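Reading through the structure tokens given below for one structure.
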Amino acid sequence: MDISVAGTGYVGLVTGVCLASRGHKVTCVETDRQKLAALRAGEPPIFEPGLRALMAESAANLTFTDDYAGAYKNAEVIFISVGTPERGDGYANLKYVYDAAEQIAASAESGCTVVMKSTVPMGTCEKLEKFFACHAGENVRIDVASNPEFLSQGTAVRDFLNEQRLVFGVRSASAEKVLRAVYAGFTKPVIVTDPQTAEMIKYASNNFLALKISFINEIANICELVGADVDTVSYGMGLDKRIGEKFLRAGIGYGGSCFPKDTLALHWLAKYHDYELKTVKAAIEVNENQRIRLIKKLRKYHKSVEGLRVAVLGLTFKPGTDDLREAPSVMNINILLEEGAAVTVWDPVAVPRVKAMFGDQVGYADTIERAVEGTDACLVLTEWEEIKNFDLKKFKHLMKTPLILDGRNCFDLRAAAEAGITYDSIGRKRVTPAPDGSCA
């Protein structure tokens, strides 16, 4: 099929490349000239495992352009995969969605199906149907369908090609037929419903996962107070099939482009309808506090942060991506700088993005060893494999004061004790050197 994709962010680019790999002719629309040049050269502007290789394999079926009129003119299917960032009040900002809709209405010369991939509030597809009915060309019928994505950054290509379920929110048999043709060969269950329900499936899924993360983080904080171990608690909970083991890893909260935005949007939407989602509200509040958990721990060891040399290991909101959106690292670095600390950072992929944010306000290290050398404290904010495999004894030898505050529980408590360091993680007992040089 001839498919066009509006937007080449994480969702749009992965969607376009994966559909091209299945034999569709795909045109991706990108207006940023620098990103467009990189895409045409086979370089994805985002870090996503497997994406570059799949782009190369599917090059014969892929076109990248800034000519939206040409891309939409005779496309059979047009995916809208643009950003929907939150507004100041928490509601989803649909400006880019309607910008794309206006371009499609002005350009489409034959009937097509517009498929909403972006995460949008319930009722958006219905509004777009009315918009196209009023603004599309004469005798041009544009169907609108909801087809939410369920991709995780770091595994997005694998997630798309091995979807656990496909959700089609449609109002016509023709739109359903088109979506089934797009996904021909995909063998996972298909849920066919109306657009509002499809939109809600996406929001409900993301909000539930955010709730699960905030819940285990609350349990972790209580574990610290009563001397329990959250890792064992999580394991014991996860063996219950009613609960499951996923999203039960305690840490310093969720980030990225989905959970923070989608929890705020659903909470706002509920308030708009005069209903308060108390569980979602609590998850948002818990997450905001959890993001600075390590800063609070640091203040227990040092009355003032001013003048301290602090290493920050891991900058992205999760491993496997270079995305810094809502990453705890950004907030923590800002607080450290505001309070007068000298900060040195390390990350295997995100340093260029951090440089664009902080410039020369922080130091940049190309190895973990160089990041921690001579420092008074080290904050671990992302569970990269390079960090998890780091020799703990190096902290003691390289740091001025071997104080490790681990927001992702990367290290074994016994190994930390043997290394002779002060190790304070999330929801577990603190490890400190005893006065005689052994570890308590």
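Taken together, the criteria place ALA377 among residues that are over 26 Å from the mean Cα position of the chain (by Cα), crowded, with 23+ Cβ neighbours inside 10 Å and of a type outside the set (D, E, K, R). Of all the numbered requirements in (1) among the hydrophobic types (A, V, I, L, M, F, W, C); (2) within 30 Å of LEU298 (Cβ to Cβ); (3) modelled with pLDDT of 95 or more, CYS258 misses one, and that requirement is (3). Of all residues in the range 171-193, exactly one satisfies the criterion of being surrounded by 15 or more Cβ atoms within 10 Å (Cβ to Cβ) and among the polar types (S, T, N, Q), namely THR193. Selection of the range 48-64 for residues being under 23 Å from the mean Cα position of the chain (by Cα), outside any helix (DSSP H, G or I) and over 20 Å from LYS117 (Cα atoms) yields PRO49, GLY50. Which residues, taken from the range 307-319, are buried (at least 19 other Cβ atoms within 10 Å of the Cβ) and among the small types (Gly, Ala, Ser)? Once the filter is applied, which keeps residues that are buried (at least 19 other Cβ atoms within 10 Å of the Cβ) and among the small types (Gly, Ala, Ser), the range 307-319 yields ALA311, GLY314.
When the residues of the range 288-306 are narrowed to those that are surrounded by 19 or more Cβ atoms within 10 Å (Cβ to Cβ) and not aliphatic (A, V, I, L, M), which ends up farthest from ARG52 (Cα to Cα)? Top of the filtered list is LYS297. Beta carbons closer than 6 Å, at least 6 apart along the sequence or on distinct chains, pair a first residue in the range 171-194 that is in contact (Cβ under 8 Å) with a residue 24 or more places away in the chain with a second that is in a loop (DSSP other than H, G, I, E, B) and among the acidic types (Asp, Glu) for LYS188/GLU163. For ASN162, the requirement of being closer than 30 Å to GLY256 by Cα, in contact with a Phe, Trp or Tyr (Cβ under 7 Å, 6 or more places away or on another chain) and assigned by TED's automatic domain parsing to the domain that holds TYR96 is not met. Applying the criterion of being among the hydroxyl-bearing types (Ser, Thr, Tyr) and not in a strand (DSSP E or B) to the residues of the range 65-82, the residue that is surrounded by the most Cβ atoms within 10 Å (Cβ to Cβ) is SER81.
For the range 198-212, check the following and say yes or no: at least one residue is closer than 23 Å to LEU413 by Cβ and surrounded by 19 or more Cβ atoms within 10 Å (Cβ to Cβ). Taking every residue of the range 198-212 in turn, none turns out to be closer than 23 Å to LEU413 by Cβ and surrounded by 19 or more Cβ atoms within 10 Å (Cβ to Cβ).
Residues are listed down the side, and each one gets a yes or a no for (1) more than 30 Å from PHE411 (Cα to Cα); (2) surrounded by fewer than 18 Cβ atoms within 10 Å (Cβ to Cβ):
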position: THR232; (1), (2): no, yes
position: LEU239; (1), (2): no, yes
position: LYS246; (1), (2): no, yes
position: GLY251; (1), (2): no, no
position: LEU266; (1), (2): yes, no
position: ALA270; (1), (2): yes, yes
position: TYR275; (1), (2): yes, yes
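Checking each residue in the range 45-64 for being within 20 Å of GLY320 (Cα to Cα) and either crowded, with 19+ Cβ neighbours inside 10 Å or in contact (Cβ under 8 Å) with a residue 60 or more places away in the chain (or both) picks out ILE46, PHE47, GLU48, PRO49, GLY50, LEU51, LEU54, MET55. Taking the criterion of being within 14 Å of MET122 (Cβ to Cβ), of a type in the set (A, V, I, L, M, F, W, C) and touching a residue at least 12 places away in the same chain (Cβ under 8 Å), the residues of the range 257-272 that qualify are ALA265, LEU266, TRP268, LEU269.
Yes/no per residue for (1) in contact with a Ser or Thr (Cβ under 7 Å, 6 or more places away or on another chain); (2) not small (Gly, Ala, Ser):
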site	(1), (2)
LEU19	no, yes
ARG40	no, yes
PHE47	yes, yes
GLY50	no, no
LEU54	yes, yes
ALA59	no, no
THR63	yes, yes
ASP67	no, yes
VAL77	yes, yes
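A single entry from ALA283, ALA250 fulfils the requirement of being outside the structural domain of GLY12 (by TED's automatic domain parsing), over 14 Å from the mean Cα position of the chain (by Cα) and over 27 Å from GLU386 (Cα atoms): ALA283.
Each row is one residue, and each column tells you yes or no for (1) part of a helix (DSSP H, G or I); (2) out of contact with any Phe, Trp or Tyr (no Cβ under 8 Å at 6 or more places or on another chain).
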residue	(1), (2)
CYS223	yes, yes
VAL233	yes, yes
LEU248	no, yes
LEU269	yes, no
ASN287	yes, no
LYS296	yes, yes
ALA311	no, no
LYS318	no, yes
ASP323	no, no
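The values are calculated or read from the model by the stated rules, or taken from the named source; none is laboratory data. Fair warning: this is a prediction, and the values are worked out from it, not measured in the lab. Here Cβ is always computed from backbone atoms with ideal geometry, including for glycine, and neighbour counts include all displayed protein chains.
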